[in-house]
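A.B. asks: Take this structure first; my questions come after.
The values are calculated or read from the model by the stated rules, or taken from the named source; none is laboratory data. Here the structure is a predicted model, which means the values were calculated and not measured. Note: ideal-geometry Cβ built from the backbone for every residue, glycine included; neighbour counts use all protein chains shown.
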Amino acid sequence: MQSDSPTSSARSPIGFLQSLVGSIRPPEWVVDEVQNRVVLFLNHVLMQEPQAQQRLKRQLGKPVRVQWGDFHLTLAATAAGLLERPEGDRQPELNVTLTQTSPFALAQRVLSGERPGVDIQGDVQLAAEVAWLVDNVRWDVEEDLSRVFGDAVAHTLAGGARSAAMAIKSFVGRRAQGSAGQAGGGHVA
């Protein structure tokens, strides 16, 4: 019988990967550049959603800080209804902290269709707008691919990606059920 002590889980491949990923700290310039790319991507998605832009305009300049472990990104709405990284050290009006610390557990929740656990503190109206954006704004991957490859190829690539995503979700779901069964002695609450 295998022990569930911290040392035995650290020796498992997933435990090793989790500790490795948790100990990696990229240089500050890499973090800064990744944050800039995230803002560009989010704005690309928002530009396809006029209703989302209208809602963001109402929250002009209000900083929202999203935090996951040591990593954080502060965003604020612009007059155009897009997002920017605000200058200076303004206090955020809304703090959104992902409570799932393990990158693998976070990925597992997202891939199984669940929302990650979050702690939200701050402006209630701003929180409602952010929640609306999360619930209603989606990236139309197929539309972007069609601009580069044409409609037929884009449809095929998107269909393949959807099939792969469904297979991964199924695998993650089966793995989660197996873990729950082992941990709980077969009883799933």
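A.B. asks: For the stretch 151-169, check the following and say yes or no: at least one residue is of a type in the set (Val, Ile, Thr), at pLDDT below 70 and under 17 Å from the mean Cα position of the chain (by Cα). Even if it seems obvious, please write down each step before you answer.
C.D. replies: Restricting attention to the stretch 151-169, the residues satisfying the condition of being of a type in the set (Val, Ile, Thr) are 153, 156, 168.
Applying the additional criterion that residues be at pLDDT below 70 yields 153, 168.
Narrowing further to those that are under 17 Å from the mean Cα position of the chain (by Cα): 168.
Among the residues of the stretch 151-169, at least one is of a type in the set (Val, Ile, Thr), at pLDDT below 70 and under 17 Å from the mean Cα position of the chain (by Cα), which makes the answer yes.
A.B. asks: Quick test of your reading of the structure: Pro103 fulfils all but one of (1) surrounded by fewer than 17 Cβ atoms within 10 Å (Cβ to Cβ); (2) over 13 Å from the mean Cα position of the chain (by Cα). Name the failing condition by number.
C.D. replies: Single failed check for Pro103: (2).
A.B. asks: Moving on to the next point. Scan the stretch 74-108 for residues that are in contact with a helix residue (DSSP H, G or I) (Cβ under 9 Å, 6 or more places away or on another chain) and among the charged types (D, E, K, R) and jot them down.
C.D. replies: Scanning the stretch 74-108 gives Glu84, Arg85, Glu93.
A.B. asks: Kindly indicate whether Gly81 is loosely packed, with under 14 Cβ neighbours inside 10 Å and farther than 15 Å from Val38 by Cβ.
C.D. replies: no
A.B. asks: With Arg109, Arg115 as the choices, which residue is in a loop (DSSP other than H, G, I, E, B), modelled with pLDDT under 90 and not small (Gly, Ala, Ser)?
C.D. replies: It is Arg115.
A.B. asks: Among (1) at pLDDT 80 or above; (2) outside any helix (DSSP H, G or I); (3) loosely packed, with under 14 Cβ neighbours inside 10 Å, there is one condition Ala128 misses while meeting the rest; what is its number?
C.D. replies: (2)
A.B. asks: Would you please list the contacts, defined by Cβ atoms under 8 Å and residues six or more apart or on different chains, that run from a residue in the stretch 31-42 that is closer than 17 Å to Trp139 by Cβ to a residue that is among the basic types (Lys, Arg)?
C.D. replies: Partner pairs satisfying both residue conditions: Val39/Arg85.
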